[in-house]
1. Would you say Leu126 is assigned to a loop (DSSP other than H, G, I, E, B), modelled with pLDDT under 90 and of a type in the set (A, V, I, L, M)?
2. Quick check: anything in the stretch 26-40 at pLDDT below 85 and under 24 Å from Pro89 (Cβ atoms)?
3. For the stretch 37-53, name all the residues that are surrounded by fewer than 18 Cβ atoms within 10 Å (Cβ to Cβ), touching a residue at least 40 places away in the same chain (Cβ under 8 Å) and not aromatic (Phe, Trp, Tyr).
4. Within the stretch 65-91, track down each residue that is assigned to a loop (DSSP other than H, G, I, E, B) and within 19 Å of Asp42 (Cα to Cα).
5. If you take the residues of the stretch 30-86 that are charged (D, E, K, R) and within 11 Å of the chain's Cα centre (by Cα), which of them is farthest from Glu105 (Cα to Cα)?
Amino acid sequence: MKKILFLLIASLVLVSCNQKSTEDSSSTSYEVIEGEFIYLVDAAIIKGDSFIYGVALDDKMHELATIVKPLQRDEYDMVPVIIKGIINPKPTNEEGWDYIITIKEIVEVKAPTADTSIKLEAGDKLKTEGGSIKVESGK
């Protein structure tokens with residue numbers, strides 16, 4: 001009887017230990033990144049105030065690109081996002097940004113706030129007057 005009780009208690013201890021380690025590995029915390037996202041044909045980046053990360057081209061990145069596309073005013077417009085992910089240094093034998101982020105969760109996507117881009121055409125000249133920039137058309 002004591003042997004059966006001992007085996008039952010040992011089994012319960014082993015099962016509870018396995019469940020605890022599984023829970024710990026599934027609740028991995030990811031870094032929260034807030035920045036501007038852009039995806040062009042074969043590259044994606046997230047740019048913040050003090051960083052620029054390449055983005056791993058996987059299903060989550062394509063999901064984010066699909067969400068961002070209707071918010072872009074043109075194909076080069078960067079859209080503010082908040083994501084959670086894992087940041088890793090790029091492999092030494094590859095070209096690109098020093099760090100690559102793998103997106104694990106899309107937290108928020110915001111619409112761009114202001115049109116800060118200046119569109120120039122061939123022949124246009126920029127002049128600075130009193131701290132502001134003016135464009136003189138070459139036409």
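The values are calculated or read from the model by the stated rules, or taken from the named source; none is laboratory data. Because the structure is a prediction, the values reported are computed rather than measured. Note: ideal-geometry Cβ built from the backbone for every residue, glycine included; neighbour counts use all protein chains shown.
1. No: the conditions fail for Leu126.
2. Keep residues of the stretch 26-40 that are at pLDDT below 85, which gives 26-29.
This time we only want the ones that are under 24 Å from Pro89 (Cβ atoms), so: 28-29.
Yes, the stretch 26-40 contains at least one residue that is at pLDDT below 85 and under 24 Å from Pro89 (Cβ atoms).
3. Ala43, Ile52, listed by residue number.
4. Gln72, Asp74, Glu75, Tyr76, Asp77, Met78, Lys90, Pro91
5. The extreme case among them is Lys47.
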